[in-house]
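Note sheet for the following structure.
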Amino acid sequence: MKRINCVKVLFLMTLLLGFTACENDDAVFDNLIGRTWIGDLGFNYRDYPVESGLKFNANGFATDDQYYFPEDGGGFAVSLPVRWKLEYGALVLDYGNKYPLFEIRGVYISGPYLKGRLYVDGVDDGNITLEMER
């Protein structure tokens, strides 16, 4: 009898966790769309680090406009198409075959900041913060 109750409680906890993750994804989704989020995802252009400007569309596509800043100036580097999705609190960024898969796990938005932990091809790359363009 007690075993059945434990199974029921475990089932309910799993169900509750699933609903919580979906609500969080919905809130993040609503805050991502139509905005540009700026920060360093680890890309380089001609040996210079670049700053990414990710603009998310509701259809699962985004554009990453990248800018570099060497000592003698800087400017526009490249614009990359991105497929994106939210899965269980992770923002997955797929730049295609030439680039590794990026995931921002535990993603949340607080004010003008998107925060989480960056994984590149499954390897932990540390905490990341992107700022919403104003």
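Read-outs: derived from the displayed coordinates by stated rules, not from any lab. Please read these numbers as outputs of a predicted model, since none were measured by experiment. In this analysis, Cβ positions are derived from the backbone assuming ideal geometry, glycine residues included, and neighbour counts consider all displayed protein chains.
What's the number of the condition L86 fails, among (1) under 18 Å from D26 (Cβ atoms); (2) without any contact (Cβ under 8 Å) to a residue 60 or more places away in the chain; (3) surrounded by 15 or more Cβ atoms within 10 Å (Cβ to Cβ)?
Condition (2) is where L86 drops out.
I'd like to verify a number: residues in region 46-66 that are in contact (Cβ under 8 Å) with a residue 60 or more places away in the chain and over 13 Å from the mean Cα position of the chain (by Cα), how many?
0
With the requirement that a residue be of a type outside the set (S, T, Y), part of a strand (DSSP E or B) and over 20 Å from V50 (Cβ atoms), what does region 99-114 give you?
Applying the first criterion (of a type outside the set (S, T, Y)) to region 99-114 yields 100-107, 109, 111-112, 114.
Pick out the ones that are also part of a strand (DSSP E or B) and you get 102-107, 109, 114.
Those that are of a type outside the set (S, T, Y), part of a strand (DSSP E or B) and over 20 Å from V50 (Cβ atoms): R105, G106, V107, I109.
Condition first: of a type outside the set (A, V, I, L, M, F, W, C), touching a strand residue (DSSP E or B) at 6+ places or on another chain (Cβ under 8 Å) and outside any loop (DSSP other than H, G, I, E, B). Now tell me which residues in region 77-98 satisfy that. It would help to see each step written out before you state the result.
Our first condition is that a residue be of a type outside the set (A, V, I, L, M, F, W, C); within region 77-98, this holds for 79, 81, 83, 85, 87-89, 94-98.
Filter again for touching a strand residue (DSSP E or B) at 6+ places or on another chain (Cβ under 8 Å), leaving 79, 81, 83, 85, 89, 94-96.
Within region 77-98, S79, P81, R83, K85, D94 meet the criteria.
Filter region 93-134 down to the residues that are free of Cβ contacts under 8 Å to residues at least 12 places away in the same chain and crowded, with 17+ Cβ neighbours inside 10 Å and list them by number.
none
If you go through region 62-76 one residue at a time, do you hit one that is buried (at least 17 other Cβ atoms within 10 Å of the Cβ), out of contact with any Leu (no Cβ under 6 Å at 6 or more places or on another chain) and not in a strand (DSSP E or B)?
Residues of region 62-76 buried (at least 17 other Cβ atoms within 10 Å of the Cβ): 62, 64-66, 68.
Filter once more, so that each one left must be out of contact with any Leu (no Cβ under 6 Å at 6 or more places or on another chain): 65-66, 68.
Filter once more, so that each one left must be not in a strand (DSSP E or B): none.
No, region 62-76 has no match at all.
I109 passes all but one of (1) more than 14 Å from F29 (Cα to Cα); (2) more than 10 Å from the chain's Cα centre (by Cα); (3) aliphatic (A, V, I, L, M); which number fails?
Checking I109 against (1) more than 14 Å from F29 (Cα to Cα); (2) more than 10 Å from the chain's Cα centre (by Cα); (3) aliphatic (A, V, I, L, M), the one that fails is (1).
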